[in-house]
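Below is one structure; the comments refer to it alone.
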Amino acid sequence: MVSIPYIICSVLSFVPALVLHEVAHGFAAYKLGDPTAKRSGRLSLNPLKHIDPFGTVILPALLMLMGWPVFGYAKPVPYNPRYFKDPRRDDVIVGLAGPSANLAMAALAAAVAWGCSGLVTNPAFANNELFAYFYVMFLPTFALINLYLMFFNLLPIPPLDGSSIFAILLPPKYLPKYYQIQQYAFPVFMIAVVVLPYVFNFNPFSWYLGVTAGNLFDLMFPPFFS
């Protein structure tokens, strides 16, 4: 059974992770000359501006209840490559901005964990329940959710950020066909996320996130969390 403190820590981690991910996309596009995200209000830190009913609420809630890694997505930030000086290069920069924001937040949580590691043996903090929840539950949850979001979004599946990185590697003649299948790729992927674990009794996405996000987490955080 999922505990109330875990739910609270997950929500407090997931919301800023998603919001700053999307704001980073919009900010990168804006700095590259595209005002579309700013005009549509997507540089706001207000979570309501970025919520996708399924990706932001239903999917992470289901994953949390099933005990799987919590990840999801928000409404894609609108941008117009016609404003870019080098559309293919700048599209990759915008695509990488979101995962980079998640990596920065995970690194911040790791830095705080290392900074607080000496307090664990201090009786004034070791016996403090609030500090225990912050150190033992919130910091690793915040870091892991950001790392899960980063690696999930780096998958080369439209409209995830990895698709823009994959697109720049394709020869120009294949781009029209690639863009044509984008509208079908993500729904098929999300069905696979839910169906594959039950059909084959194997969850490749949990395995992928464990190998990527899980191992990076172990490298970033103090040995206490391993």
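Could you compute the net charge surrounding Asn80? Neighbours are other residues with a C-beta less than 15 Å from the C-beta of Asn80; K and R count +1, D and E count -1.
So the surrounding residues net to +3.
At a 10 angstrom cut-off on C-beta neighbours, averaged per residue, how do the peptides 124-132, 53-61 rank from highest to lowest?
Packing order, densest peptide first, comes out as 53-61, 124-132.
Can you tally the net charge around Ser44? Count Lys and Arg as +1, Asp and Glu as -1, for every other residue whose Cβ sits under 13 Å from the Cβ of Ser44. Kindly include the intermediate steps, with their values, before the conclusion.
Numbers: positive: Lys38, Arg39, Arg42, Lys49, Lys75; negative: Glu22.
Net charge around Ser44: +4.
In square nanometres and to one decimal, what's the mean projected area of the convex hull around the Cα atoms of region 1-160?
10.4
At 1.4 Å probe size, with the rest of the protein present, what percent of the exposed accessible area of the chain is carbon and sulfur atoms?
Answer for the chain: carbon and sulfur cover 71 percent of the accessible area.
Rolling a 1.4 Å sphere over the protein heavy atoms, what is the accessible area per residue of the chain, to the nearest Å²?
54
Among 72-83, 16-27, what's the highest-first ranking by average C-beta atoms within 10 angstrom per residue? Please report the intermediate quantities before stating the final value.
Working: 72-83: 18.1, 16-27: 23.4.
Ranked from most to least packed, the peptides come out as 16-27, 72-83.
The values are calculated or read from the model by the stated rules, or taken from the named source; none is laboratory data. Just so you know, these numbers come straight off a predicted model, no measurement behind them. Cβ: placed from backbone, ideal geometry, glycine included. Neighbour counts: every protein chain shown. Side chains included, ligands, DNA and RNA excluded: accessible areas come from the protein's heavy atoms. Shrake-Rupley method; radii C 1.70, N 1.55, O 1.52, S 1.80 Å.
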